[in-house]
Amino acid sequence: MKFQIIPVTSFQQNCTLMWDEKTNKAAVVDPGGDIPRIVAQLEKNGLTLEKVLVTHGHLDHCGAAKTLASQFGVPIEGPNEADAWLLESLATAQTRMWGLPAGEPFTPDRWLKQGDTVTVGEETLNVYECPGHSPGHVAFFHAGSKVAITGDVLFAGSIGRTDLPKGSFKELENSIRTNLYTLGDDVQFIPGHGPTSNIGHERRSNPYVPDKK
């Protein structure tokens with residue numbers, strides 16, 4: 001599996017393009033905006049978009065999800081249903097909160113939950129529920145590549161905000177300890193913003209969720 005980060009929106013959100021090298025079928029994770037930039041990378045790599053994946057319902061992560069999926073006639077999978085209220089507010093409340101262009105509200109073709117899997121071509125990723133930043137946040141993990149897409153849960157040297165509506169530091173900490181720190185120290189992760197890191201480094205040095213061992 002190949003992964004490419006495409007920064008989108010004025011928030012420089014890490015939209016991720018990933019594809020199965022055998023089939024050239026691809027998924028776009030968290031298309032917050034800048035669709036022409038995303039499409040250009042699909043075309044440059046000779047890829048066929050198969051689906052759109054969403055980690056959570058904040059505008060900078062999924063504001064363009066419905067438009068992109070409709071343009072290519074593909075389904076949207078994720079996040080967890082607990083973020084339905086956020087997806088309903090993409091054109092109204094969230095636009096006022098973040099100052100970004102309005103997104104198109106949507107209901108995904110498939111809500112995701114702990115233990116689900118999603119496929120991209122012939123490759124499979126595991127789904128982990130990671131509430132705390134938002135109640136319906138999910139993360140994706142491709143075991144073969146040892147790469148996780150963590151959205152706004154875990155960052156390089158930091159963690160996602162928990163002061164937003166329905167946020168919870170206790171839940172976020174549990175999500176990181178239970179579902180991310182257990183993936184393996186050699187797992188690289190792509191956060192929602194900023195540089196990549198690896199689980200071992202964060203488990204040992206992250207100042208917000210230090211290792212209790």
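The values are calculated or read from the model by the stated rules, or taken from the named source; none is laboratory data. Quick caveat, the model's predicted, so the values are computed rather than measured. Heads up, the Cβs are rebuilt from the backbone with ideal geometry, glycines too, and the neighbour counts pull from every protein chain shown.
The table for this structure:
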item: Qualifying residues in segment 27-46 (those that are in contact with a Phe, Trp or Tyr (Cβ under 8 Å, 6 or more places away or on another chain) and crowded, with 24+ Cβ neighbours inside 10 Å) - the one nearest to L90 (Cα to Cα); result: G32
item: Check on G99, on the phi > 0 side of the Ramachandran plot, at pLDDT below 95 and surrounded by fewer than 20 Cβ atoms within 10 Å (Cβ to Cβ); result: yes
item: Meets criteria (among the basic types (K, R) and closer than 19 Å to D83 by Cβ) for R177; result: no
item: Residues within segment 2-16 that are of a type outside the set (S, T, Y) and crowded, with 21+ Cβ neighbours inside 10 Å, tallied; result: 4
item: So V118, is it outside any helix (DSSP H, G or I), of a type in the set (A, V, I, L, M) and under 15 Å from the mean Cα position of the chain (by Cα); result: yes
item: Those helices (runs of 4 or more DSSP H) lying entirely in segment 51-98 with at least 3 residues under 23 Å from P36 (Cβ atoms); result: 59-62, 65-72, 93-98
item: One residue from V153, V138 being modelled with pLDDT of 95 or more, touching a Pro at 6+ places or on another chain (Cβ under 9 Å), under 22 Å from M1 (Cα atoms) and not acidic (D, E); result: V138
